[in-house]
Amino acid sequence: MTRTAALVTTWSQPARGRETKAIESFTDFLTFMGKLAADGKVQEAETFFSLDGGKGFAIVRGTTDVLNEVVLSEEYEKLISKAQLCVDDLHTEIYVTGDEEIQRGMRIYAEAIGELGL
């Protein structure tokens, strides 16, 4: 089942002494996602930085089938591996979105509560 989704990547400070490599990793990430967007596979990455520059996140919108394919690709795994060596607290997750998905998720959650008798 294809669902509307977003790949959310969060991070905090660059690792001390690896600031230049952190910038390179970030640039590589944007380039990779930019190519996917140019090919029509995902939307352009939307990037946010905290005002103090200490934290940030990027949102890449697409579908679950495409985003799963991306995160399971060797190229993406290598990008993330490099970034994890340069940036503290790097996390990536795929989130589903849209009214139908939220209602579906809430229904499943409510069913689980009922089945557990909570």
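The values are calculated or read from the model by the stated rules, or taken from the named source; none is laboratory data. The model shown is predicted, which means the values in this text are computed figures rather than measured ones. Glycine gets a Cβ as well: all are built from the backbone with ideal geometry, and neighbour counts include every protein chain shown.
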Out of 78, 55, report the one residue that is over 14 Å from residue 5 (Cβ atoms) and at pLDDT below 95.
55
With the condition kept exactly as written, say whether any residue in region 6-27 is among the basic types (Lys, Arg) and within 14 Å of the chain's Cα centre (by Cα).
no
Which residues, taken from region 1-29, are part of a helix (DSSP H, G or I) and surrounded by fewer than 16 Cβ atoms within 10 Å (Cβ to Cβ)?
19, 20, 23, 24, 27, 28
Search result, residues across region 66-100 that are over 14 Å from residue 32 (Cβ atoms) and polar (S, T, N, Q):
68, 84, 97
State all residues of region 42-69 that are surrounded by fewer than 16 Cβ atoms within 10 Å (Cβ to Cβ), in contact (Cβ under 8 Å) with a residue 24 or more places away in the chain, outside any helix (DSSP H, G or I) and charged (D, E, K, R); if no residue qualifies, say none.
55
List every residue pair whose Cβ atoms lie under 8 Å apart, where the two residues are 6 or more positions apart in sequence or sit on different chains, the first residue falls within region 21-41 and is without any contact (Cβ under 8 Å) to a residue 60 or more places away in the chain, and the second residue, located anywhere, is surrounded by fewer than 12 Cβ atoms within 10 Å (Cβ to Cβ) and of a type in the set (Asp, Glu).
32/75
Condition check: without any contact (Cβ under 8 Å) to a residue 60 or more places away in the chain, under 20 Å from the mean Cα position of the chain (by Cα) and within 19 Å of residue 42 (Cβ to Cβ). Does residue 80 satisfy that?
yes
Against the definition (aliphatic (A, V, I, L, M) and exposed (fewer than 14 other Cβ atoms within 10 Å of the Cβ)), how does residue 72 come out, yes or no?
yes
Residues that are surrounded by fewer than 11 Cβ atoms within 10 Å (Cβ to Cβ), more than 17 Å from the chain's Cα centre (by Cα), within 23 Å of residue 2 (Cα to Cα) and of a type in the set (S, T, N, Q): does region 95-110 have at least one?
yes
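Do the conditions hold for residue 36, that is, is it assigned to a helix (DSSP H, G or I), surrounded by 15 or more Cβ atoms within 10 Å (Cβ to Cβ) and modelled with pLDDT of 95 or more?
So residue 36 passes the test.
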Under 8 Å between Cβ atoms, at least 6 apart or on separate chains: pull out the pairs that start in region 1-17 with a residue that is touching a residue at least 12 places away in the same chain (Cβ under 8 Å) and of a type in the set (Val, Ile, Thr) and end on any residue that is surrounded by fewer than 14 Cβ atoms within 10 Å (Cβ to Cβ) and part of a loop (DSSP other than H, G, I, E, B).
4/97; 4/98; 10/89
